[in-house]
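Asks: Can you keep this structure in mind? I'll have questions shortly.
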Amino acid sequence: MIKKILMISGSPRKNGDGAKILKKLESILTESAEIECEYLFLKDYKIETCRGCLICQKKTGEKCPIKDDISIIKEKFHEADGFVFISPVYIRMISAQMKQLFDRLSFLLHRPIHYGKPALLLCTASYAGLGESLKYLKIPVSNIGMHIVDSLGVLSTAYKNKDEYKDKIHKHISNAAKIYIDILFSIEKPKPSPWELFLFNKWRYKAIYHRKEYPGDYECWEDQELLDKDYYYPTRINPILKRLIPFIVKKLILRLSKKIGYLS
Ligand SMILES: Cc1cc2nc3c(=O)[nH]c(=O)nc-3n(C[C@H](O)[C@H](O)[C@H](O)COP(=O)(O)O)c2cc1C
């Protein structure tokens, strides 16, 4: 069955450096497997800045009071089997468009629905800031529960001027694409890393202990019957990590909850 990949770009340039990388990636992916790539340039969508009301996080259901194109994007997230996020580096950070997307989708961090979907993270920069930007980009994507297959920073200047650098990048993309395709078409969902187990338990215990303040989160975890699970889906977990990580995370969440006054 054909798999759909959503390629989300935070660049305001549809023919810019990142777009060239996406084209290359698309050709590798579509030549290797039954894959359909959809480009989503955030600049083409009307996405207002988050108003900070926290309604999406605190109320039940999806109740953002802003009526704009974010609903179209949410629909595209649902339809996608896998994701690519690409952003130019702007003052050593991801672009404002990309940050804004995650602010508006911040409820997805609390309420996992796209877990296990593979994601590839890419950033382009003229000369500096790739490390910081990719490190940042990993935060929302991994907290949403997506499985980050790889992350790659591309120096757009070197990519344009040096053939050997361009070849190196293409080789990296090609190797990453192979792993991405394997995960995308595998019957078994990806085995979680210790960090992914940590994040799963963080949001699970948060849903449990902040139930009064965030009833919608609790409801989402309860509806999906995830509250007493070891991970989002059945998978093999190292028996020591299976006990140790929830034990530590529970303690940390309890301590935090007491500190912020949610628990006495
Ligand atoms: C406002 C702005 C800020 C930028 N900040 C940085 C930066 O901190 N470091 C850097 O190396 N390049 C920086 N750049 C350059 C872009 O990251 C670089 O040209 C990138 O490859 C553009 O990708 P795009 O064509 O896909 O948008 C900046 C560009 C702009 C317009």
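The values are calculated or read from the model by the stated rules, or taken from the named source; none is laboratory data. Here the structure is a predicted model, which means the values were calculated and not measured. Backbone-built Cβ (ideal geometry, glycine too); neighbour counts: all protein chains shown.
Asks: Any residue that is modelled with pLDDT of 95 or more, in contact with a helix residue (DSSP H, G or I) (Cβ under 6 Å, 6 or more places away or on another chain) and either among the small types (Gly, Ala, Ser) or surrounded by fewer than 19 Cβ atoms within 10 Å (Cβ to Cβ) (or both) - is there at least one of those in the stretch 174-181?
Replies: Taking every residue of the stretch 174-181 in turn, at least one turns out to be modelled with pLDDT of 95 or more, in contact with a helix residue (DSSP H, G or I) (Cβ under 6 Å, 6 or more places away or on another chain) and either among the small types (Gly, Ala, Ser) or surrounded by fewer than 19 Cβ atoms within 10 Å (Cβ to Cβ) (or both).
Asks: Moving to a separate point now. Provide a single number: the residues in the stretch 1-59 that are more than 16 Å from the ligand (Cβ to nearest atom) and of a type in the set (D, E, K, R). Before the answer, list the steps.
Replies: First, the residues of the stretch 1-59 that are more than 16 Å from the ligand (Cβ to nearest atom): 1-6, 27-38, 45-59.
Next, from what is left, pick out any that are of a type in the set (D, E, K, R): 3-4, 31, 34, 36, 38, 46, 48, 51, 58-59.
Total meeting the criteria: 11.
Asks: Output the number of residues of the stretch 100-145 satisfying the condition of being in contact (Cβ under 8 Å) with a residue 12 or more places away in the chain and within 16 Å of the ligand (Cβ to nearest atom).
Replies: If we filter the stretch 100-145 for residues that are in contact (Cβ under 8 Å) with a residue 12 or more places away in the chain, which is where we start, we get 100-134, 136-138, 140-145.
The next check asks that each one be within 16 Å of the ligand (Cβ to nearest atom); those that pass are 100-101, 120-134, 136-137.
Selection size over the stretch 100-145: 19.
Asks: Residue 85 fails exactly one of the following numbered conditions: (1) assigned to a strand (DSSP E or B); (2) away from the ligand (no atom under 16 Å from the Cβ); (3) aromatic (Phe, Trp, Tyr). What is the number of that condition?
Replies: Condition not satisfied by residue 85: (2).
Asks: Checking residue 240 against (1) surrounded by 11 or more Cβ atoms within 10 Å (Cβ to Cβ); (2) not in a loop (DSSP other than H, G, I, E, B), only one condition comes out false. Which one?
Replies: Unmet for residue 240, out of (1) surrounded by 11 or more Cβ atoms within 10 Å (Cβ to Cβ); (2) not in a loop (DSSP other than H, G, I, E, B): (1).
Asks: Follow-up question, since we're still on this one. Criterion first (more than 24 Å from residue 122 (Cα to Cα), at pLDDT 95 or above, charged (D, E, K, R) and not assigned by TED's automatic domain parsing to the domain that holds residue 109) does residue 206 satisfy it?
Replies: Details: more than 24 Å from residue 122 (Cα to Cα): yes; at pLDDT 95 or above: yes; charged (D, E, K, R): yes; not assigned by TED's automatic domain parsing to the domain that holds residue 109: yes.
Here the answer is yes, as residue 206 does meet what is asked.
Asks: Moving on. Taking the stretch 185-235 as the search range and keeping residues that are of a type in the set (A, V, I, L, M) and touching a residue at least 60 places away in the same chain (Cβ under 8 Å), which one is nearest to residue 140 (Cα to Cα)? Explain how you work it out, then say what you get.
Replies: Within the stretch 185-235, the subset of a type in the set (A, V, I, L, M) is 187, 197, 199, 207-208, 226-227.
From what's left, touching a residue at least 60 places away in the same chain (Cβ under 8 Å): 207, 226.
Values: 207: 17, 226: 20 Å.
So, considering only residues that are of a type in the set (A, V, I, L, M) and touching a residue at least 60 places away in the same chain (Cβ under 8 Å), the one nearest to residue 140 (Cα to Cα) is 207.
Asks: Here's a follow-up. Do you know which residues across the stretch 112-126 are within 13 Å of the chain's Cα centre (by Cα), surrounded by 23 or more Cβ atoms within 10 Å (Cβ to Cβ) and modelled with pLDDT of 95 or more?
Replies: First, pick out the residues of the stretch 112-126 that are within 13 Å of the chain's Cα centre (by Cα): 112-122.
The next check asks that each one be surrounded by 23 or more Cβ atoms within 10 Å (Cβ to Cβ); those that pass are 112, 118-122.
Once the filter is applied, which keeps residues that are within 13 Å of the chain's Cα centre (by Cα), surrounded by 23 or more Cβ atoms within 10 Å (Cβ to Cβ) and modelled with pLDDT of 95 or more, the stretch 112-126 yields 118, 119, 120, 121, 122.
Asks: Among 148, 173, which is the only one that is away from the ligand (no atom under 16 Å from the Cβ) and either in contact with a Leu (Cβ under 9 Å, 6 or more places away or on another chain) or not hydrophobic (A, V, I, L, M, F, W, C) (or both)? Talk me through it step by step, then tell me what you get.
Replies: Numbers: 173 fails: away from the ligand (no atom under 16 Å from the Cβ).
Result: 148 is the single residue among 148, 173 that is away from the ligand (no atom under 16 Å from the Cβ) and either in contact with a Leu (Cβ under 9 Å, 6 or more places away or on another chain) or not hydrophobic (A, V, I, L, M, F, W, C) (or both).
Asks: Is it the case, given these coordinates, that residue 75 is closer than 24 Å to residue 232 by Cβ, more than 11 Å from the chain's Cα centre (by Cα) and modelled with pLDDT under 95?
Replies: Details: closer than 24 Å to residue 232 by Cβ: yes; more than 11 Å from the chain's Cα centre (by Cα): yes; modelled with pLDDT under 95: no.
No; evaluated as a whole, the condition is false for this residue.
Asks: Out of everything in the stretch 140-173 that is within 16 Å of the chain's Cα centre (by Cα) and under 18 Å from residue 127 (Cα atoms), what residue ends up being surrounded by the most Cβ atoms within 10 Å (Cβ to Cβ)? Full working, then the answer.
Replies: Taking the stretch 140-173 and keeping what is within 16 Å of the chain's Cα centre (by Cα), we get 140-152.
Keeping just the survivors that are under 18 Å from residue 127 (Cα atoms) gives 151-152.
Working: 151: 20, 152: 18.
Applying the filter and picking the extreme gives 151.
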